[in-house]
Amino acid sequence: MSRARRSVFSVRYAERPGVDLVSELREHAASRRLPKVTNVRNILFDVLVHGQDVAIPLGIPREMPKDAARAGIERVWTMGWPFGVKRDLKQFRYVATDVDWTAGDGPEVTGPVAALLLLLTGRRVALPRLTGQGLAELTNRL
C-alpha cells in the first residue's frame with residue numbers, strides 16, 4: 001500500500017463515528033504482536049522512525065538511543081524495499097558524526113545517525129540536520 005493510500009486510510013479510520021483512538025491505543029499498548037507488515041528484524045528501526053514521525057511535527061524532543069539507531073540504519077541500508085536505498089541513495093557516502101557508521105560511495109553526506117536513519121527511510125525532515133558536499137545533489141534527488 002502506498003504512503004498516500006495509507007495516509008488516506010488512516011484519516012478515514014480516525015474519522016469513524018464514535019471512534020476513540022486513545023482507548024484503542026491503550027487497549028493494544030501492552031501487546032507484543034508485530035504488525036503484519038513487519039518482522040523481528042525490522043521492528044527496531046520501525047519503532048524509532050515512527051516515534052519521530054509523531055514527535056517531530058508536534059515539536060516534542062524524542063532522542064533516539066545511538067546504539068539502537070546504528071542497528072536500525074544498518075538494517076535499512078541492507079534492505080532495499082521499501083526504502084529504495086540500494087537503488088536511489090547508494091550514490092552517496094553517508095557518515096554518522098556521533099557513532100561509528102559509514103556506508104556508500106560518492107559525495108559525502110554527514111550528520112547524526114538518527115538524522116541519517118530518517119533520511120534513508122524517506123523522511124525529508126532530516127535534511128536540515130545534515131551537511132556535506134553531496135547534500136545539495138541528494139536534496140534534488142528526493
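Bear in mind that the values in this text are calculations on the coordinates, not laboratory data. Everything numeric in this text was worked out from a predicted model, so none of it was measured. Please note: Cβ atoms are built from the backbone with ideal geometry, for glycine as well, and neighbour counts cover all protein chains shown.
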Give me the Å³ per residue figure for the convex hull around the C-alpha atoms of region 34-142.
98 Å³
For the chain, take the longest principal axis of its alpha carbons; what is the angle in degrees between that and the long axis of helix 43-58, to the nearest 10 within 0 to 90?
80 degrees
Using 7 Å Cα-to-Cβ label points, what is the residue 54/residue 28 separation (nm, one decimal)?
1.2 nm
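So what is the 222 nm mean residue ellipticity for the chain from helices alone, if each DSSP H run of at least 4 adds -39500 (n - 2.57) and you divide by all residues, rounding to the nearest 500 deg cm²/dmol?
Working: 6 runs with 65 residues, N = 142.
That calculation yields -14000 deg cm²/dmol at 222 nm.
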The chain: angle of helix 66-79 to the longest principal axis, Cα-based, in degrees nearest 10
80 degrees
Cα centroids of region 128-142 and region 38-54: how far apart, whole angstrom?
24 Å
